[in-house]
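Single-structure report; data block below.
The values are calculated or read from the model by the stated rules, or taken from the named source; none is laboratory data. On a predicted model such as this, the values are computed, not experimentally measured, just so you know. Because the Cβ atoms are built from the backbone with ideal geometry, glycine has one as well, and the counts that use them run over all protein chains shown.
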Amino acid sequence: MNSKKYNKVAVGGTFDKFHDGHKKLLSMAFEIAETVEIGVTSDAFGGLKGDIDSCEVRMMNLKSFFKEKSNFIIVPLEDPYGTTIYDGNFDAIVVSEETEPTAVEINKIRVSKGMDPLDIVVVSFVLAYDGTPISSTRIRRGEINKNGDVII
């Protein structure tokens, strides 16, 4: 008997400065799905955010974090949609509050192609100790560390 709610879910992001917010997002995907496809923004696409680690480094960080699991694949993302607008085998997409609008857009594209829309699972932000969300941008700026501790 299948104990997971979904067979296959998508989750995507830049995953730079891998932090507690990323861990919460990805943990939810693994909690609800038999198989998780993790899209990681490519150097060209992710580089639009500024000075980030290479796609290879970010993918290795994910593989290292999930070394105990085997039910996932990691693919590069060249755009905000990845394979979700072509692959009819996805059941759901796991997103943060920040990226929920992209999931809505993905569903519009899927429906326009005659595909079923995805269930959208929204994961709330993990807050730093100052009460604002942990983000890679804040870590790069030196405001907080990966656990949300404020750096003075």
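Brief remarks on what is shown
- Within the set 97, 37, the sole residue that is touching a Ser or Thr at 6+ places or on another chain (Cβ under 8 Å), surrounded by fewer than 12 Cβ atoms within 10 Å (Cβ to Cβ) and touching a residue at least 12 places away in the same chain (Cβ under 8 Å) turns out to be 97.
- Some residue of the range 50-72 being modelled with pLDDT of 95 or more, within 25 Å of residue 7 (Cα to Cα) and hydroxyl-bearing (Ser, Thr, Tyr): no
Residue-by-condition table, conditions (1) within 17 Å of residue 21 (Cα to Cα); (2) surrounded by 15 or more Cβ atoms within 10 Å (Cβ to Cβ); (3) within 13 Å of the chain's Cα centre (by Cα):
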site: 51; (1), (2), (3): no, no, no
site: 71; (1), (2), (3): no, no, no
site: 90; (1), (2), (3): no, yes, no
site: 132; (1), (2), (3): yes, no, no
site: 135; (1), (2), (3): yes, yes, yes
site: 149; (1), (2), (3): yes, no, no
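- The condition of being within 27 Å of residue 54 (Cβ to Cβ), modelled with pLDDT of 95 or more, touching a Ser or Thr at 6+ places or on another chain (Cβ under 7 Å) and surrounded by 21 or more Cβ atoms within 10 Å (Cβ to Cβ) holds for only one of 29, 10, that being 10.
- Selection status of residue 122, within 15 Å of residue 6 (Cβ to Cβ), touching an Asp or Glu at 6+ places or on another chain (Cβ under 9 Å) and either among the hydroxyl-bearing types (Ser, Thr, Tyr) or surrounded by fewer than 18 Cβ atoms within 10 Å (Cβ to Cβ) (or both): yes
- Those residues of the range 1-37 which are among the hydroxyl-bearing types (Ser, Thr, Tyr) and not in a loop (DSSP other than H, G, I, E, B), in sequence order: 6, 27, 35
- Residues that are over 10 Å from the mean Cα position of the chain (by Cα), more than 18 Å from residue 104 (Cα to Cα) and among the hydrophobic types (A, V, I, L, M, F, W, C) within the range 8-27 comprise just one, 18.
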